[in-house]
Every structure is written in C-alpha cells, then in structure tokens.
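To start, the structure itself, in structure tokens.
The values are calculated or read from the model by the stated rules, or taken from the named source; none is laboratory data. Since the structure is predicted, the reported quantities are computational estimates derived from the model, not experimental observations. Cβ atoms come from the backbone with ideal geometry, glycine included; neighbour counts cover every protein chain shown.
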Amino acid sequence: MEKTWPAAEYEVGREKIREFVEAVDERRAIYNDRDAACAAGFRDLVAPPMFAVVYSNRPLWTAIGDPELGIDVSRMLHMGQELRFGEPVCSGDVITTEMGLAHVEEGKRRTTYSFESRSRNESGEQTIEATWTMMVIGS
C-alpha cells in the first residue's frame with residue numbers, strides 16, 4: 001500500500017438494511033424479515049452483498065478527500081470496483097473497514113487511483129475485500 005487511513009467502524013442496523021433493500025427493490029425475505037433470515041441460518045436480518053458500499057463509503061471518501069492526494073472530485077469518474085465477498089453481514093454486526101491507496105497511474109491527461117479496502121466484523125471474519133478505481137481527468 002502506498003498510503004493508508006485510520007480504520008472506520010460501522011454498526012449495522014436493521015432499519016439501514018431495510019432502507020437499502022427498499023431503495024434497490026430487493027424482495028427476498030432474508031433481506032426483509034428477521035424470522036426468515038434466522039430460519040435460513042443467519043444470525044439476524046441479513047444485508048444484501050452490495051450493502052458493502054454503505055459501510056465502505058465513509059472510509060473511501062476519507063481517502064478520496066485527503067488533501068495530500070489532491071483529487072479534484074469535480075473531475076473524478078468512478079471507473080469500477082471489484083468486490084470479493086466473505087462472511088455475510090447481519091444486523092447488529094460492527095464492521096471495521098481499513099482503506100489504503102494501492103496504486104496511482106499518471107497519464108497525459110488523467111490520473112487513475114486504485115484504493116483497496118478490507119472489512120471485518122467484530123469476530124474478525126472478513127466480510128469483503130474490495131478494489132475501488134477512480135480516474136481524474138485533466139490532472
């Protein structure tokens with residue numbers, strides 16, 4: 001890692017999961033009904049895998065906003081993300097996410113930044129490993 005930032009903690013709440021599944025129109029019972037989630041073997045209401053963007057958002061924006069990097073967000077494009085899922089996230093989990101700058105590639109009219117994150121629950125189980133790629137035009 002070229003640079004890292006302090007880990008960020010996020011406590012997963014049932015209502016945040018419900019708000020997320022409503023926003024993405026997810027209808028499966030394990031994401032909407034605690035009893036159905038428990039009957040399926042989960043500890044509590046389970047979050048859809050892409051809920052990872054919720055608890056990864058703050059540490060990613062902390063990194064992007066670091067004045068030392070000098071990223072002009074008005075010229076930034078999200079190029080992609082690669083997500084490697086682990087332990088499912090459930091209501092009540094406390095997720096800790098570490099964020100680091102993995103790579104910077106400077107071109108003639110653009111700079112590409114690759115950030116890597118690792119998130120774990122309070123038991124130390126990895127919930128996701130991710131690579132977030134941003135391009136800044138005219139830098």
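Data for the structure
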{"read-out": "Of residues in segment 87-114 being over 11 Å from the mean Cα position of the chain (by Cα) and of a type in the set (A, V, I, L, M, F, W, C), the one nearest to residue 6 (Cα to Cα)", "value": "101"}
{"read-out": "Qualifying position, being more than 24 Å from residue 137 (Cα to Cα), part of a helix (DSSP H, G or I) and either in contact with a strand residue (DSSP E or B) (Cβ under 6 Å, 6 or more places away or on another chain) or at pLDDT below 95 (or both), among 36, 52", "value": "52"}
{"read-out": "Check on residue 14, out of contact with any Asp or Glu (no Cβ under 8 Å at 6 or more places or on another chain) and more than 25 Å from residue 115 (Cα to Cα)", "value": "no"}
{"read-out": "Cβ-Cβ under 7 Å pairs, at least 6 apart or on other chains, segment 67-96 side loosely packed, with under 15 Cβ neighbours inside 10 Å, far side small (Gly, Ala, Ser) and in a loop (DSSP other than H, G, I, E, B)", "value": "72/139; 75/138; 75/139"}
{"read-out": "Residue in segment 18-29 that is on the phi < 0 side of the Ramachandran plot, in contact with a strand residue (DSSP E or B) (Cβ under 8 Å, 6 or more places away or on another chain), at pLDDT 95 or above and not in a loop (DSSP other than H, G, I, E, B) present", "value": "no"}
{"read-out": "Pairs where the first residue, in segment 1-22, is more than 24 Å from residue 62 (Cα to Cα) and the second is of a type in the set (A, V, I, L, M), C-beta under 9 Å, 6+ apart", "value": "14/45; 18/45; 21/47"}
{"read-out": "Conditions (1) of a type in the set (Gly, Ala, Ser); (2) modelled with pLDDT under 95; (3) within 19 Å of the chain's Cα centre (by Cα); number of the one not met by residue 70", "value": "(3)"}
